[in-house]
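One structure is given here, and the rest of the page talks about it.
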Amino acid sequence: MVNSIKMVDLHGQYLKIKGEVDQAMQEVIDSSAFINGKPVQAFSLQLAGYLGAKHVVTCANGTDALQISYQSLGFNPGDEVIMPTFNYVAAAEAAALLGIKPVFADVWEDSFNINENLIEEVITPATKAIVVVHLFGQPANMEPILEIARRHGLKVIEDNAQSLGSAYKFSNGVRKLTGTIGDISIHSFFPTKNLGCFGDGGALSTNDEDLAKKALMISRHGQGQKYSYEMIGCNSRLDTLQAAILSVKLNSLDSYIQHRREAGMIYGELLQNLSAVFPPVEGIGAYHTYNQYVIRLNERDKVKEELKNLGVPTMIYYPSPLHLQKAYAYLGYKQGDFPVSEKLCNEVLALPIHTELVRAEQEYVFSSLIKSINTL
Ligand SMILES: *Cc1c(COP(=O)(O)O)cnc(C)c1O
C-alpha cells in the first residue's frame, strides 16, 4: 500500500460512487443533449443551494469564470485589480487578457493568503477590485478585506477555486462559506479541486441579480435575444456530462471535506514535534478544507528528491511568484518586491492529501519525511 501513495486518487474516489455516476452519464448520452441539457440548470440550482447563494452561473472552467467576473463588473483596459503574487496564474492572466492591470500584494507566511495590511498601499485611483484567493482550502482574512474594500469603494472578487466548502467566521459570530462573501466569486471543478468533474468545469456565484444576468449573457456570446449581441462575450459552457457528474458528486462534497480535514488533523498531530517543518495552521475563524496540505521547510528540493526515492510523491505550489514570471515582466516588478512570497516559493512542499488517503499512508509519509530530513 505504501508503495502506491498518490498525490490524488481520483479513481478510488470514482469507484465509491461508480453506479450513480455511470447512470447519470448514461442518461446524458441517451438524451444526446450534450450542450445546455437539463443537468446544467439542475446543477446550478443545486450548487446555489449548497452555497446559499442567490445565483450560480456555470461556465467552462475557473479561469473563464475570472474573466467573466471582470467583464460583468464592467472593468475596462487600464483598470487595476489587486491580488496576491503567491498564487496560481489564472486571476492575473484573465485580467491581462482584458487589458486590466494585475497589481500584486504580498501574503502571510503562515496562511499563504493575501496580507490585508499590505493592500491599501497599492490602491491607486485606477483600482477597481481586490481579488481574494482562498489558497489551498484556507479562507483569507475576509473581515478586514471587506472593510478596506468598503472604505475605498472597491469590489471584492473571491477566487474560490481551491476552497469550495471552506468557511469563514466573522467577529460577530456569523459564519459564511467562502465564495459567498464578496460581490462575485469563481469556482473551478478541475478534477483535483474539492469538487472535481471529469474534465474542465467552472462557475460564478453572486447574490447580485444584475451581475448574474451579465455573467450569464457574457458566457453565452453576449447574446440577448437569439443572434442579438448586446455585449462582447465569449463561449464558456459547462458540458451537460460534467454537470451530471457534478450533481452526483456534490452530494458527497461534505464527506470529502470531512475526510480532508481529518487527514489534515492527522498530519498536524504527526508533524507537531518535527521542528524542521512548519505545518499549515488553520487561521482564526477559518474552516480549512485542505485542498492541499502545504508544509514549509528548508532544503525543500533535497527533501522532495529523497521523498521521491522513498515512494512519496510531493508537489511544489508554487515554485515562482507571479511578479517574477516572464509573462508578467511588463508590469515592472523585480526580485525583492514581495519577500514573503519569494521565500515561500523556496520552502513550500505539498504532501499527498485526498479523499481516499488513509492513516497508515500518512504515517509512512511522516516517517519518510523524517528520514529525508535526517539525510541532509
Ligand atoms: C484551479 C484554479 C483556477 C482556475 O481553474 P481552472 O478551472 O483550471 O481554469 C483559478 N484560481 C486558482 C487559485 C486555482 O487553483
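FYI, it's all coordinate maths here, none of it is from the lab. Keep in mind it's a predicted model, so treat the numbers as computed, not measured. Cβ coordinates were reconstructed from backbone atoms using ideal geometry, including for glycine residues, and neighbour counts include every protein chain displayed.
If eta is 0.692 mPa s and T is 37 °C, what Stokes-Einstein diffusion coefficient results for the stretch 1-159, Kirkwood Rh from Cα pairs, in µm²/s?
Reported coefficient: 179 µm²/s.
Grab the beta carbon distance between Gln41 and Val358, set R0 = 30 Å, and tell me the FRET efficiency rounded to 0.05.
0.20
Using the 2.2 N^0.38 Å rule of thumb for compact globular proteins, work out how the stretch 253-374 stacks up: its C-alpha Rg over that value, please.
Details: Rg = 15.8 Å, N = 122, 2.2 N^0.38 = 13.7 Å.
So the stretch 253-374 has a normalised radius of gyration of 1.16.
Taking the Cα centre of the chain as origin and charging only Cβ (+1 Lys, Arg; -1 Asp, Glu), how large is the dipole, in debye to the nearest 20? All intermediate terms of the calculation are to be shown ahead of the outcome.
Working: 32 positive and 40 negative charges, 81 e Å.
I would put it at about 380 debye.
Give me the Debye-computed log₁₀ of I(q)/I(0) at q = 0.17, 0.18 Å⁻¹ for the stretch 135-214, equal point scatterers on Cα only, no solvent, two decimals.
Listed by q, the Debye log ratios stand at -0.70, -0.78.
For the chain, go through all pairs of different Cα atoms, get the mean of 1/r, take its inverse, and jot down that Kirkwood value in Å. Intermediate results must be reported in sequence, preceding the final value.
Numbers: mean 1/r = 0.0468 Å⁻¹.
The Cα-based Kirkwood calculation yields 21.4 Å.
Quick check for you: which residues of the stretch 32-70 have the amide N under 12 Å from the point 7 Å beyond the Cα of Val89 toward its beta carbon?
none
Roughly how big is the stretch 253-374's charge dipole about its Cα centre, with Cβ charges of +1 (Lys, Arg) and -1 (Asp, Glu), in debye to the nearest 20? Please report the intermediate quantities before stating the final value.
Numbers: 12 positive and 14 negative charges, 66 e Å.
Using only the charged Cβ atoms, the result is roughly 320 debye.
Across all directions of projection, what mean area in square nanometres is found for the Cα convex hull of the stretch 234-298? Please report the intermediate quantities before stating the final value.
Details: hull surface 30.0 nm².
Average projection, Cα convex hull of the stretch 234-298: 7.5 nm².
Whole-Hz Karplus ³J(HN,Hα) for the stretch 330-345, in order, using 6.51 cos²θ - 1.76 cosθ + 1.60 and θ = phi - 60°, x for Gly and Pro?
4, 6, x, 7, 9, 3, x, 5, 10, x, 5, 4, 5, 5, 4, 4
Dipole of the chain (Lys/Arg Cβ +1, Asp/Glu Cβ -1, origin at the Cα centre): which of Ser275, Asn87, Gly233 lies farthest to the positive side?
Ranked along the dipole, the leading option is Gly233.
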